[in-house]
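Peer 1: Before I ask anything, let me first share the structure, which is written out below as structure tokens.
The values are calculated or read from the model by the stated rules, or taken from the named source; none is laboratory data. The shown structure was predicted, so the numbers you read here are calculated from the model rather than taken from an experiment. When we count neighbours, we look across all protein chains shown, and the Cβ atoms used for this are built from the backbone with ideal geometry, even at glycine. We work out accessible area using only protein heavy atoms, side chains counted, and drop any ligands, DNA or RNA first. Shrake-Rupley method; radii C 1.70, N 1.55, O 1.52, S 1.80 Å.
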Amino acid sequence: MTAVRGPQQITAVLRDMADDPEVSGELVRAARSQSPELSGLAEEATRSHVTAMIRDAGPWFAALERSGAVEEQDFTSALLLGADRAVQGVPMTAVLRGVQAALSRAAEITVDRCRSAGVPDRVLLSVVLRLQEYGNAVERHVVHGYRAAEHETPRALGAVRARLLRRILLGEVAPQGEVAPHPEELAQAGVRADADGRYHCLAAFPARRRSLRSAHVVTGTLDGRLAGLGPRPPGADEVPQDALVVVAPAAALSELPALYRLCVRAVDVGLERGLHGRHDVTDFAALLALAEQPLLGALVRDRLLGGLDPANDFHRQLALTALAFLDNGRRLDQTAAALFTHPNTVRYRLGRLRQITATPLPDGDAGPLDALHWWWALTCWLSTRS
């Protein structure tokens, strides 16, 4: 446990509790035991809310000691909990039973850990009262988030999410002139952050909701693609085989528009190459960098492959073989296996390509830049040819 003395003892205890998986597990069990309706939900979803509210309690407690203002603090995690349970169809009474059970157990653990940390008994009464005040505020915001989501029909909720995603990912301005959404708006739409307050954005194709089956990601259709936002990227098993999903690393809200543009561009490039499944946007780093310089790519193509005839199918076969050679580490055996042919056939085609272009294809002793230039030229030539 963190060794801290003075006014920061309580916040240190709460911070340690938020980072302790055993504590979050015990609070989840307390909530589920008092609210059977929660047992039908994924335990991970309950755990994420519990952890967020414990983590929020530390800054709340410290700020309260300074200013005494309760409602000025951030209760986004409580709003999100209420909104999520409303969308999931859990009755309000069941939600509050679970929240109250978790808060009561959290107060017991906090008192025990404060004693172990050396907090004087005369201070513990104040701690208990403060925690009760925090619990009351959490319950109020859970109810507020629940009611806000409850009044939205599924179609209206989809429209709310689409408008919110356009503001966050495309930088559009709301009718009131605001760009950054308020915590209440995020809660109403079910958008949640990770433990550090960051989000993963993604772009996907086809633009249909079944292209993504992740309960943690809020999705909407933006300009013909499926856009998403959530606290963690979807798992590979949550992406259908016929869909392409590109995910960006976790980032703050202000950084998401630039990352989303990269994801969209990566989806377009991936579709051109016939890719499917889930990919990180960094998997497309080289492709995206080269795609942003079409004129330079054409110059490299013409310099290295000017002797190839775009109308000649045999020349296309030579270019495909050379590209496979580079993609397989410039190994004849691996290239032949990838092309389902004999290594001598690969050697012959590479020799013919050298004769026609009057430029040797880089072998295993060549530097990475030579290989990159050839790969870029071949990719560009084949794209132009098709």
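Peer 1: Please work out whether the stretch 276-386 counts as rounded, prolate or oblate from its C-alpha gyration tensor, where a ≥ b ≥ c are the square roots of the eigenvalues and a/c under 1.5 means rounded, while otherwise a/b larger than b/c means prolate and anything else oblate? Walk me through the intermediate numbers first.
Peer 2: Details: a/c = 1.56, a/b = 1.19, b/c = 1.32.
Judged from the Cα gyration tensor, the stretch 276-386 comes out oblate (a/c at least 1.5, b/c at or above a/b).
Peer 1: Given a 1.4 angstrom probe, I'd like the percentage of the accessible area of the stretch 228-386 that is carbon and sulfur, rounded to a whole number. Display every interim value, and only then the final one.
Peer 2: Details: 4510 of 8250 Å².
Ligands and nucleic acids excluded, carbon and sulfur reach 55 percent.
Peer 1: Oh, and also: Among 139-149, 350-360, what's the highest-first ranking by average C-beta atoms within 10 angstrom per residue?
Peer 2: Packing proxy ranking, top to bottom: 139-149, 350-360.
Peer 1: Under the rule of at least 5 residues apart or a separate chain, name every residue whose amide H is placed under 5 Å from the amide H of His279.
Peer 2: For His279, the qualifying residues are Val245, Val246, Val247.
Peer 1: How much net charge surrounds Asp194 when only the other residues with a Cβ under 12 Å from the Cβ of Asp194 are counted, with Lys and Arg +1 and Asp and Glu -1? Please report the intermediate quantities before stating the final value.
Peer 2: On the way: positive: Arg55, Arg192, Arg198, Arg232; negative: Asp196.
My count for the surroundings of Asp194 gives +3.
Peer 1: How many Å² of accessible area per residue for the stretch 221-354, probe 1.4 Å?
Peer 2: On a per-residue basis, 51 Å².
Peer 1: A further question follows. Among 315-326, 274-285, what's the highest-first ranking by average C-beta atoms within 10 angstrom per residue?
Peer 2: 315-326, 274-285
Peer 1: Please give the peptides 308-314, 252-258 ranked by average Cβ packing (other Cβ atoms within 10 Å per residue), highest first, as a rough proxy for protection.
Peer 2: Most protected by this proxy first, the peptides run 252-258, 308-314.
Peer 1: As a test question: what accessible area, to the nearest 10 Å², does Trp374 have when a 1.4 Å probe is rolled over all protein chains in place?
Peer 2: The accessible area comes out at roughly 10 Å².
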